[in-house]
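Structure record follows, encoded as structure tokens.
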Amino acid sequence: MEKIRMTTPLVEMDGDEMTRILWRMIKEELLEPFVELKCEYYDLGLEHRDATRDQVTMDAALANKKYGVSVKCATITPNAQRMTEYSLHEMWKSPNGTIRAVLDGTVFRAPILIDCIKPVVKNWKKPITIARHAYGDVYRGTEFRIPGPGKAELLFTGADGAELRETVYEFECPGILQGTYNKDTSIASFARSCFNYALATKQDLWFSTKDTISKKYDHTFKDIFADIFETEYKEAFAAAGIEYFYTLIDDAVARVIRSEGGFIWACKNYDGDVMSDMVSTAFGSLAMMTSVLVSPDGCYEYEAAHGTVTRHYYRYLKGEATSTNPMATVFAWTGALAKRGEMDGNAELQDFAKTLEAACLETLESGVMTKDLCGLAEGITPTPVTSEEFIKAIRRNLEAKLGA
């Protein structure tokens with residue numbers, strides 16, 4: 001068959017460790033034989049980020065703003081151990097955090113569902129989408145160790161020189177201190193992204209923080225959401241027959257567990273990070289979770305919700321076969337290709353993305369799956385396979401569907 005052509009480049013952001021290996025396999029087996037990929041490539045592997053003093057991450061983010069759609073491999077956010085392992089010049093910040101700050105978007109994460117894997121929460125019947133604010137908070141925080149007794153203060157100096165000052169704590173011993181921030185403009189973008197996504201998908205929207213404790217920080221999130229909903233979205237939600245409501249995050253957790261699913265749960269940055277892992281694991285596996293960053297000006301970044309699978313990578317380096325689940329990474333590619341096709345009016349590319357997703361799901365439903373899913377499957381006798389075998393099985397199904 002003739003390869004499908006692309007008209008506008010897709011921004012491709014390569015990554016680290018085992019997911020980098022899977023990235024190459026997916027391209028070679030599932031994409032390049034069928035699509036004439038047109039990509040602007042950026043290597044966000046930790047070594048190259050260090051060599052460019054992380055400029056490559058900023059360049060990739062700006063390229064996303066230019067072209068509108070990107071696909072990103074999982075990357076390492078270095079800690080002290082990684083500093084030594086990779087001989088880094090600096091403990092670079094999270095690439096995801098940098099990209100999210102540039103795009104000022106919201107991350108929407110939803111599980112990939114198959115019939116043979118039932119949610120751990122037995123009453124969940126429909127997917128739960130986590131909408132995660134993708135800016136500020138602890139991901140852009142400033143922190144340090146307190147060496148001994150002394151007074152910690154929070155100080156703001158306005159452009160006019162006026163000061164706001166509050167004592168955080170009078171330390172009587174060593175401790176730790178952290179300062180976090182957010183912006184009204186980013187919170188407003190978060191709110192509008194959530195309201196727009198809810199209307200587009202015809203799903204109820206829940207939003208939760210802890211404003212009873214954080215009476216200024218979290219309460220500002222609550223107020224901005226409420227003001228924007230009342231003035232811009234209330235009538236549209238009523239016409240669509242969907243609901244928006246706010247509740248405390250501890251109450252939201254209880255409601256989510258008791259629910260049937262089928263709604264969007266909007267969370268602040270850290271809350272969304274944790275809750276998306278909880279939801280994906282309860283539905284089956286973190287490797288079965290889609291993730292897309294949507295910016296207010298219509299830019300999209302698709303990625304896997306999980307990390308770089310370090311443990312499998314070390315086994316791979318020893319020459320051992322691994323059974324790493326590539327589904328989230330495959331769906332990052334299909335999501336990006338489908339969106340690129342939609343934005344370019346390229347129906348062939350959109351159809352290919354849907355067909356590849358269907359081939360993946362049929363492969364799993366047939367019982368061919370990586371080891372992480374075998375213990376979860378019900379009603380079938382699963383066949384555990386390596387990562388490479390799984391991808392090749394998807395290709396056979398894909399070729400059959402395409403008549404290739």
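Taking other residues whose beta carbon is less than 12 angstrom from the beta carbon of residue 350, and scoring Lys, Arg as +1 and Asp, Glu as -1, yields -2.
Once both labels are positioned 7 Å from their Cα atoms along Cα-to-Cβ, the gap between residue 354 and residue 371 label points is 3.7 nm.
The lysines whose alpha-carbon is closer than 20 Å to the alpha-carbon of residue 38, local same-chain residues fewer than 8 away aside, are 3, 27, 65, 66, 72, 339, 354.
For the peptides 237-245, 164-172, residues were scored by their other Cβ atoms within 10 Å and the scores averaged per peptide; the highest-first order is 237-245, 164-172. Full extension of the chain segment joining residue 162 with residue 32 gains 40.9 nm, where the gain is 0.36 nm per residue of separation less the Cα-Cα distance.
Applying both filters, DSSP loop and at most 12 other Cβ atoms within 10 Å, to the trypsin sites (Lys or Arg not before Pro) of region 166-273 gives 183, 202, 215, 216.
Computing FRET efficiency as 1/(1 + (r/R0)^6) for residue 177 and residue 81, where r is the C-beta to C-beta distance and R0 is 30 Å, gives about 0.80. Annotation for residue 253 and residue 342: the two label points, set 7 Å from Cα along the Cα-Cβ direction, are 3.3 nm apart. You can think of it this way: the chain between residue 1 and residue 245 has 82.8 nm of extra reach, that is 0.36 nm per residue less the Cα-Cα gap. Calculated [222 nm] ellipticity per residue, helices only, for the chain: -13000 deg cm²/dmol; basis is -39500 (n - 2.57) per DSSP H run with n ≥ 4, divided by all residues, nearest 500.
Loop-located GluC sites (Glu not before Pro) in region 308-404 (DSSP state not H, G, I, E or B) with no more than 16 neighbouring Cβ atoms inside 10 Å: 320, 378.
Model label sites at residue 66 and residue 219, defined 7 Å from Cα along the beta-carbon direction, differ in position by 4.6 nm. Taking every alpha-carbon pair in the chain and binning the separations at 10 Å intervals from zero gives 4, 20, 30, 27, 14, 4, 1, 0 percent.
Evaluated at q = 0.21 Å⁻¹, the base-10 log of the normalised Debye intensity for region 239-351, with identical point scatterers placed on the Cα atoms, takes the values -1.24.
Here the Kirkwood formula puts the hydrodynamic radius of region 1-160 at 19.2 Å, using every distinct Cα pair.
Extension gain, residue 145 to residue 51, is 31.0 nm, computed as 0.36 nm per intervening residue step minus the present C-alpha separation. Contact order for the chain, expressed relative to its length and based on alpha carbon pairs under 8 Å spaced 6+ residues apart, stands at 21 percent.
If you take all other residues with their beta carbon under 10 Å from the beta carbon of residue 130, and give Lys and Arg +1 and Asp and Glu -1, the sum is -1.
Angle between the Cα long axis of helix 387-402 and the longest principal axis of the chain, 0 to 90 degrees, nearest 10? Approximately 60 degrees, to the nearest ten. Helix 184-201 and the long axis of the chain differ in direction by around 40°, with both axes built from C-alpha atoms. Spatially, region 360-404 and region 82-150 are offset by 29 Å when compared through their Cα centroids. Restriction of the trypsin sites (Lys or Arg not before Pro) in region 52-103 to DSSP coil positions whose beta-carbon has at most 14 other beta-carbons within 10 angstrom yields 53.
Values quoted throughout were computed directly from the atomic coordinates according to the rules given, and no laboratory measurement underlies them. Since the structure is predicted, the reported quantities are computational estimates derived from the model, not experimental observations. Neighbour counts are summed over all protein chains in view; Cβ atoms, including those assigned to glycine, are modelled from backbone coordinates with ideal geometry.
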